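FYI, it's all coordinate maths here, none of it is from the lab. Source: prediction; values computed, not measured. Counting neighbours? That spans all protein chains shown, and the Cβs are built from the backbone with ideal geometry, glycine included.
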Amino acid sequence: MANRKRGGIPALLTGLRLITETPITRPLIKKLAEEVENDGRKTTVALEALRLIAEPNANSCLIARFYSKILRLVFKVVVLYFHGEEEEVVKAIKDPAVRRGLALVLEGLALYGVTVPQKLPAPFLIVWNFTNACNLKCKHCYQKASLPLPTELSLEEKLNTIEQLDRAGVAAVAFSGGEPTIHPHFPIVLKAASDAGMYTALATNGLALADPSFAEKLKKLGLRYVEVSIDSADPDKHDQFRG
């Protein structure tokens, strides 16, 4: 019976965990968590090497170029060995958010070796309660959202938070609340997170997205995923819950 193909990324992660502790690869892998600077911006060897796999002609430092060639070869070998789809991996690495997530795994293996669960130098995902303001009064709201809190961050502080998450290597940020879409800072901060290469998600009651132009605007700013809460298939029951 022919070996069945599996997803490229699962095959890659399986292979990476198995080869991490070998005497040959362990010293090489440790270097992936080290910081490097490119165009005045601090990053890691892992993240920069992955960027070079996706963008071979990009400017970068010699150590990142060296590791991009090693990682490209390692990826090819382990994906083929575990019957994964190599093209799927190549396509996935072109996504900045995927690169950030994969870099976290590589850096976790470099710093901590193989652990269960796998230790990472930063979270994959953070959930940000962006504001306490909300345009509904849901009966079951655990946040008790209504008006903005006096302690909420300024725009400058929010953008600084994105910079900190970027430097830490966080791969994804999910905006929640309250209702993020009614806050004037949301589009600005969303774009900053997306421009940094983070995967962006939104938990919303959906009212603002009923305006197609606003929904399109958020998409253009980099919003990748939306979840809308629906409390009943019966419109009347849903509206009763939602206030």
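When each of Glu85, Glu48 is tested for being of a type in the set (Asp, Glu) and more than 18 Å from Pro121 (Cβ to Cβ), the lone residue that passes is Glu85. Selection of region 183-200 for residues being in contact (Cβ under 8 Å) with a residue 60 or more places away in the chain and in contact with a strand residue (DSSP E or B) (Cβ under 6 Å, 6 or more places away or on another chain) yields Met198, Tyr199.
Which of the helices (runs of 4 or more DSSP H) contained wholly in region 1-107 include at least 2 residues that are crowded, with 18+ Cβ neighbours inside 10 Å and not charged (D, E, K, R)?
Working: elements: 8-19, 25-30, 45-54, 62-81, 86-93.
In region 1-107, 8-19, 45-54, 62-81, 86-93 are the helices (runs of 4 or more DSSP H) which contain 2 or more residues that are crowded, with 18+ Cβ neighbours inside 10 Å and not charged (D, E, K, R).
Taking region 90-117 as the range and being farther than 30 Å from Asn205 by Cα and within 17 Å of the chain's Cα centre (by Cα) as the test, the residues that pass are Lys91, Ala92, Ile93, Lys94, Arg99, Leu102, Ala103, Leu104, Val105, Leu106, Glu107, Gly108.
Quick one: in region 116-155, of everything that is assigned to a loop (DSSP other than H, G, I, E, B) and in contact with a Phe, Trp or Tyr (Cβ under 7 Å, 6 or more places away or on another chain), which residue is nearest to Leu13 (Cα to Cα)?
Step one: filter region 116-155 for residues assigned to a loop (DSSP other than H, G, I, E, B), giving 116-124, 132, 134-145, 147-154.
Pick out the ones that are also in contact with a Phe, Trp or Tyr (Cβ under 7 Å, 6 or more places away or on another chain) and you get 119, 138-140.
On the way: Lys119: 14, Cys138: 42, Lys139: 43, His140: 40 Å.
Step by step, filter region 116-155, then rank; the result is Lys119.
Across region 126-153, the qualifying residues are those that are among the hydrophobic types (A, V, I, L, M, F, W, C) and in contact with a helix residue (DSSP H, G or I) (Cβ under 9 Å, 6 or more places away or on another chain), and the one among them that is farthest from Thr181 (Cα to Cα) is Ile126. Every test in (1) in contact (Cβ under 8 Å) with a residue 40 or more places away in the chain; (2) in a helix (DSSP H, G or I) is passed by Lys158 save one, and that test is (1). Here are some conditions: (1) in contact (Cβ under 8 Å) with a residue 40 or more places away in the chain; (2) within 16 Å of Thr14 (Cα to Cα). Leu71 meets all but one. Which one does it not meet? That leaves (1) as the condition not met. Whether a residue is more than 19 Å from Ile29 (Cβ to Cβ), surrounded by 14 or more Cβ atoms within 10 Å (Cβ to Cβ) and free of Cβ contacts under 8 Å to residues at least 24 places away in the same chain was assessed, and Cys134 does not pass this test. Is it fair to say Val127 is touching a strand residue (DSSP E or B) at 6+ places or on another chain (Cβ under 9 Å), among the aliphatic types (A, V, I, L, M) and farther than 24 Å from Pro23 by Cβ? Spelling it out, Val127 is indeed touching a strand residue (DSSP E or B) at 6+ places or on another chain (Cβ under 9 Å), among the aliphatic types (A, V, I, L, M) and farther than 24 Å from Pro23 by Cβ.
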